[in-house]
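Shown next, in structure tokens, is the structure this report addresses.
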Amino acid sequence: MIGQVFGGIVLFIITIYLLSYIKREGLDFITFFFLVILLSLWVIVLVPEYSDYILKKIGFERPFDALIAIIATSSLVLTLKVYISMKKIDKSITKIVRNEAIKEMKKDKKDK
Amino acid sequence: MIPAYNTEKTIGNIIKRTKKYVDRVIVVDDGSSDNTYQEAKKAGVDYILRHSINRGLGAATKTGMIVALKNDAEIVITLDSDLQHDPENILRFIECLKEKNIDIVIGSRFLGDNKKMPVIKKIGNSGLNFLGRLLFGIKSTDTQSGFRAFNRKALEEINFELDGYAISTEILKEAKEYNLKVEEIPIDAIYPEELSGTTVISGFKILIDMLLRKVGR
């Protein structure tokens with residue numbers, strides 16, 4: 001119970017911080033990833049008995065540990081994969097934006 | 001060269017103060033949604049470039065460096081647009097570059113007076129310094145400082161890859177690979193109200209970018 005209260009307070013502070021960050025900077029992929037982790041932690045803190053019960057029902061011996069490990073590993077790999085491919089696309093966008101900016105600057109200089 | 005993002009309140013001030021110490025000022029407005037571009041023009045900047053969308057500090061720095069190189073710059077000083085750096089120090093940077101024949105000079109807030117630096121930033125910066133040393137063997141007291149001076153050799157050698165804040169570490173990694181001479185000089189840590197700077201989450205993004213850079217992305 002004490003753990004739940006303490007965990008809840010910590011998560012509440014992190015959630016407020018993250019939400020204000022999203023409001024200010026927008027939601028990008030990494031922030032979205034943090035948000036998903038945060039939501040999962042909320043579920044674990046708020047309803048541990050309920051989640052344990054369901055996982056045991058579907059046949060896990062040590063349900064919680066195993067599931068967390070699988071989810072964590074797969075989401076990390078998936079995130080990195082998506083992040084790397086997004087960065088590649090990002091690079092092409094940056095190149096276009098940069099060339100556009102240089103062209104605009106040259107045009108401005110000529111007009112002067 | 002000043003990369004700027006949503007700093008309409010401070011950009012004019014920093015341009016006017018910087019102009020006293022350099023031949024030309026380049027500003028790269030990195031997709032600001034406020035009047036940064038207009039304020040920079042009003043302040044009499046020599047070259048102003050505008051990214052149509054926000055691409056990050058690294059991308060803006062690279063754009064500025066390309067323009068500087070094309071315009072035959074012999075020395076390029078980078079500084080932040082949010083009044084975090086005092087342009088009066090520029091002469092010390094140039095002196096260090098020329099007299100000691102250094103390729104890159106870094107203004108280190110950890111060698112100067114950093115009493116005003118918030119504790120969270122001290123911890124974050126120290127962590128990123130440690131990570132830079134661990135991953136790339138960079139021995140710097142302030143890998144995240146944006147107040148730097150480069151000679152032409154350094155500008156031509158360094159390959160700027162990253163778009164975000166991690167470019168600060170990437171430059172030092174490249175400098176080490178190309179055996180460029182790097183020296184640090186003390187600067188004071190100034191934290192004005194208008195400071196945009198890095199957040200805890202941008203710290204995590206730097207960490208991820210550095211790790212990906214390490215594994216050879």
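List the equivalent ellipsoid semi-axes of the range B:105-217 in whole Å, largest first, each obtained as the square root of 5λ for an eigenvalue λ of the Cα gyration tensor.
Listed largest to smallest, the semi-axes of the range B:105-217 are 22, 17, 12 Å.
Between amide H atoms placed 1.01 Å from N, distances below 5 Å from B:Ile185 occur with B:Ile106, B:Gly107, B:Ser108, all of them 5 or more places distant or on a separate chain.
The contact between chain A and chain B removes approximately 2500 Å² from the accessible area (both sides summed; 1.4 Å probe; ligands, DNA and RNA excluded). Relative to one another, the C-alpha centroids of the range B:11-42 and the range B:50-90 are positioned 10 Å apart. Just need the relative contact order of the range B:32-178 here, percent rounded to a whole number, with Cα pairs under 8 Å and 6+ apart. Once normalised by length, the contact order is 32 percent. Using a probe of 1.4 angstrom and keeping all protein chains present, the accessible surface of the protein assembly as shown works out to 55 square angstrom per residue.
Placing R0 at 22 angstrom, the Cβ-Cβ distance between B:Lys139 and B:Tyr21 gives a FRET efficiency of 0.15 after rounding to 0.05.
Annotation note: GluC sites (Glu not before Pro) in the range B:93-195 located in DSSP loop regions with a Cβ neighbour count of at most 12 within 10 Å are B:Glu193. Here the translational diffusion coefficient of chain B follows from Stokes-Einstein with Rh set to the Kirkwood radius across Cα pairs; for 10 °C and 1.306 mPa s it amounts to 92 µm²/s. Residues of the range B:49-65 that bury at least 10 Å² of accessible area once all protein chains are present, compared with their chain alone (1.4 Å probe, heavy atoms only, ligands and nucleic acids left out), are B:Leu49, B:Arg50, B:His51, B:Ser52, B:Ile53, B:Arg55, B:Ala59, B:Lys62, B:Thr63.
Heavy atoms only, probe 1.4 Å: what % of the accessible area of the protein assembly as shown goes to carbon and sulfur, would you let me know? That fraction is 60 percent.
Each principal axis of the Cα cloud of the protein assembly as shown was evaluated for its coordinate range; sorted largest first, these ranges are 73, 42, 37 Å. With a threshold of 25 Å on the Cα-Cα distance, the over-threshold entries among B:Lys16/B:Lys62; A:Lys110/B:Lys42; B:Lys20/B:Lys176; A:Lys106/B:Lys41; A:Lys95/B:Lys139; A:Lys88/B:Lys153 are B:Lys20/B:Lys176; A:Lys95/B:Lys139; A:Lys88/B:Lys153. Each 5 Å bin from zero up to the one holding the largest Cα-Cα distance in the range B:1-125 carries the following percent of pairs: 2, 11, 19, 21, 21, 15, 9, 2, 0.
What chymotrypsin sites (Phe, Trp or Tyr not before Pro) does the range B:2-68 have in DSSP loop regions with at most 16 other beta carbons within 10 Å?
Values: sites: B:Tyr5, B:Tyr21, B:Tyr37, B:Tyr47; in loops: B:Tyr5, B:Tyr21.
The qualifying sites are B:Tyr21.
FRET efficiency for the pair A:Phe6 and B:Phe204, taken as 1/(1 + (r/R0)^6) with r the Cβ-Cβ distance and R0 = 41 Å, rounds to 0.95.
The values are calculated or read from the model by the stated rules, or taken from the named source; none is laboratory data. All of these numbers come straight from a predicted model, not from anything done at the bench. No Cβ is skipped: glycine too gets one built from the backbone with ideal geometry, and neighbour counts run over all protein chains shown. Quick note on the areas: whole protein, heavy atoms, side chains included, nothing else; ligands and nucleic acids left out. Shrake-Rupley method; radii C 1.70, N 1.55, O 1.52, S 1.80 Å.
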